[in-house]
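Below you'll find the structure, written out as structure tokens, and then a few comments.
The values are calculated or read from the model by the stated rules, or taken from the named source; none is laboratory data. Just so you know, these numbers come straight off a predicted model, no measurement behind them. For neighbour counting, all protein chains shown are included, and Cβ atoms are generated from backbone atoms with ideal geometry for every residue, glycine included.
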Amino acid sequence: MTAGGSSTLTGDAASTPDPTALVRWQILRRHIEEGVPLTTLAAHEGIGLRTLQRWHAAHKRDGISGLATAKRRTGQRRTNLELLALIEGLALVKPALPVALIARKANRVAAGHGWPPLSYSTVRSIAAALDPGMRTLAQQGTAVYRDTYELVWRHRAERPNAIWQADHTELDILVLDANLKPARPWLTTILDDYSRAICGYTIFLGAPSAMNTALALRQGIWPKAGTGWPMCGIPDVLYVDHGSDFTSNHLTQTAKDLHFEITYSTVARPQGRGKIERFFGTVNTELLAELPGHLSRGNTPPAPGITLKELDESIGRFIMEDYHQREHPEIKATPHHAWTGDGWLPRLPASMDELNLLLLTVAKPRIVHRDGVHFQGLRYVSPLLAAYVREPVIVRYDPRDITEIRIFHKNQYICKAVDPDHETSTITLKDIQAARAARRRELRGQIKERIAVVARHLPDLASAKPAPAPGPEDQPRKRPKLRTYLEDDQ
């Protein structure tokens, strides 16, 4: 026994201590003097953790004599254990009580029963000896306990394209929008669970929508140009969260037609999406940190230095040339090699037209005019439209580039039509919307200038003919009861 242990014996008893107390002290002293956790002692000695906690509380209160058998102090032991249970219960109350308040309440009860009062330090020791998991479960609930203490099973798909994950994130960067104003973009990503390879992605401004998910899936499923990005095919399972864009009828119907299953992660449990979240972190910390306009916590937002298209190109290069070529620490292989393996044939749709029919946004029906199809203020032409003049058709398009659209008649693909005025450029839907808004602002400004002249010279007439109010398209839309997307109104 150490000198500290001998001192404890001398001060705690004038006669020889109970043999049981000495045995218990030899076990408990490893925690008190050497700092061995009670959980470790419990496993090593084969003694219950609650038993060790009670021994520890008894030693704090009465020294080694408190470790004696119940025979020598039956009444006091029963009383002390009851008070101990009371203190532990008060320490588990939600919301958590200060130790000082627990001590006051416990001693008030002790006084009513004639029990010896306990010091603040003793009460604090008893409360601190509680299992942290029990305290978390009692005071913070099942979800916090589960996410902190429960074991996690890290599942990995058995082969490429068995499971794909899809998710969105708002990127830590500002870019220039169509009006050269700063805007914070979003990234939608499709990740292969087995290889950690990125099969498809899309960059966009505005909130996530079913269209962005469809565009990322379209890129992920169809083979990419060149040999540097071989990932493609239809997955067996698409693993997503419960966002409205992932639970849309559009995606459900697409899964049915392409013969893949949609699996939803458990509500409020982000662990299942950790693989794709780690990729988002990699993009934010490694790629975006090197680009102008990168946002960092605690610093003033910088001025954006690149456009959305330039950011899209940077992310594409990062995925192909960096991320896919480096060894992933968990799978001990590069995503590129893990996905390609020894060579295999992924399951693909019959054609890009079939994929477009399933994934691209369906706009309102249009009529084929003699000069082509009018859509979004542009005119699209194709020689193949000659047989469909005055016929209703369906327009499908990629909002990232509306210089061309695809025309369907009775669910059959007809042709690809182009805007002849912008055939060699790339125009996005947001470019068109921004141009419309700018033109309306310009016209209203001119109207106000002229009305001001009238007001100076003919105030009565000017008051009778006010400047036109903003049209319905300029008014803020009321939030619908059901979630809709921008593409639904085109």
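Return only the number of the condition from (1) closer than 20 Å to residue 199 by Cβ; (2) assigned to a loop (DSSP other than H, G, I, E, B) that residue 298 does not satisfy.
With respect to (1) closer than 20 Å to residue 199 by Cβ; (2) assigned to a loop (DSSP other than H, G, I, E, B), residue 298 is out only on (1).
Is it the case, given these coordinates, that residue 286 is modelled with pLDDT under 95, in the same structural domain as residue 216 (by TED's automatic domain parsing) and not in a helix (DSSP H, G or I)?
Values: modelled with pLDDT under 95: yes; in the same structural domain as residue 216 (by TED's automatic domain parsing): yes; not in a helix (DSSP H, G or I): no.
Here the answer is no, as residue 286 does not meet what is asked.
So, of the residues in segment 315-353 that are among the acidic types (Asp, Glu) and modelled with pLDDT under 90, which turns out to be surrounded by the fewest Cβ atoms within 10 Å (Cβ to Cβ)? Outline the logic, then answer.
Going residue by residue through segment 315-353, those that are among the acidic types (Asp, Glu) are 321-322, 327, 330, 342, 353.
In the following step, the residues that additionally are modelled with pLDDT under 90 were identified as 330, 342, 353.
Details: 330: 11, 342: 4, 353: 16.
Filtering first and then ranking leaves 342.
When both residues are 6+ apart or on different chains and their Cβ atoms are under 8 Å apart, which pairs have a first residue that lies in segment 369-381 and is closer than 19 Å to residue 401 by Cα, and a second that is among the aromatic types (Phe, Trp, Tyr) and modelled with pLDDT of 90 or more?
Filtered contacts from segment 369-381: 372/380; 373/380; 374/380.
Given the structure, is residue 205 more than 29 Å from residue 336 (Cβ to Cβ), modelled with pLDDT of 90 or more and surrounded by 17 or more Cβ atoms within 10 Å (Cβ to Cβ)? I'd like the intermediate steps shown before the answer.
Numbers: more than 29 Å from residue 336 (Cβ to Cβ): yes; modelled with pLDDT of 90 or more: yes; surrounded by 17 or more Cβ atoms within 10 Å (Cβ to Cβ): no.
Criteria not met by residue 205.
Here is a yes/no grid of residues against (1) within 27 Å of residue 42 (Cα to Cα); (2) not hydrophobic (A, V, I, L, M, F, W, C):
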site: 87; (1), (2): yes, no
site: 93; (1), (2): yes, no
site: 101; (1), (2): no, no
site: 114; (1), (2): no, yes
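Give segment 181-202 a look and list any residue that's surrounded by fewer than 22 Cβ atoms within 10 Å (Cβ to Cβ) and either among the small types (Gly, Ala, Ser) or not assigned by TED's automatic domain parsing to the domain that holds residue 328 (or both), or say none.
183
Being assigned to a strand (DSSP E or B) and either outside the structural domain of residue 325 (by TED's automatic domain parsing) or surrounded by fewer than 12 Cβ atoms within 10 Å (Cβ to Cβ) (or both) is the requirement here; does residue 396 meet it? Spell out the reasoning first.
Numbers: assigned to a strand (DSSP E or B): yes; either outside the structural domain of residue 325 (by TED's automatic domain parsing) or surrounded by fewer than 12 Cβ atoms within 10 Å (Cβ to Cβ) (or both): yes.
So residue 396 fits the description; yes.
Could you go through segment 314-322 and let me know if any residue there is part of a helix (DSSP H, G or I), aliphatic (A, V, I, L, M) and not assigned by TED's automatic domain parsing to the domain that holds residue 215.
No, segment 314-322 contains no residue that is part of a helix (DSSP H, G or I), aliphatic (A, V, I, L, M) and not assigned by TED's automatic domain parsing to the domain that holds residue 215.
Each row is one residue, and each column tells you yes or no for (1) within 34 Å of the chain's Cα centre (by Cα); (2) at pLDDT 85 or above; (3) surrounded by 15 or more Cβ atoms within 10 Å (Cβ to Cβ); (4) not assigned by TED's automatic domain parsing to the domain that holds residue 42.
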residue	(1), (2), (3), (4)
92	yes, yes, yes, no
101	no, yes, no, no
106	no, yes, yes, no
111	no, yes, no, no
116	no, yes, no, no
133	yes, no, no, no
144	yes, no, no, no
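Could you please let me know if residue 292 is closer than 19 Å to residue 176 by Cβ, in a loop (DSSP other than H, G, I, E, B) and under 24 Å from the mean Cα position of the chain (by Cα)?
Details: closer than 19 Å to residue 176 by Cβ: yes; in a loop (DSSP other than H, G, I, E, B): yes; under 24 Å from the mean Cα position of the chain (by Cα): no.
Spelling it out, it is not the case that residue 292 is closer than 19 Å to residue 176 by Cβ, in a loop (DSSP other than H, G, I, E, B) and under 24 Å from the mean Cα position of the chain (by Cα).
Can you name every residue in segment 323-339 that is hydroxyl-bearing (Ser, Thr, Tyr) and within 17 Å of residue 190 (Cβ to Cβ)? First the steps, then the outcome.
Step one: of segment 323-339, the residues hydroxyl-bearing (Ser, Thr, Tyr) are 323, 334.
323, the sole residue that qualifies.
Under 9 Å between Cβ atoms, which residue pairs at least 6 apart in sequence (or on different chains) link something in segment 289-304 that is at pLDDT 90 or above with a partner that is polar (S, T, N, Q) and assigned to a loop (DSSP other than H, G, I, E, B)?
Within 9 Å, the pairs are 289/296; 302/296.
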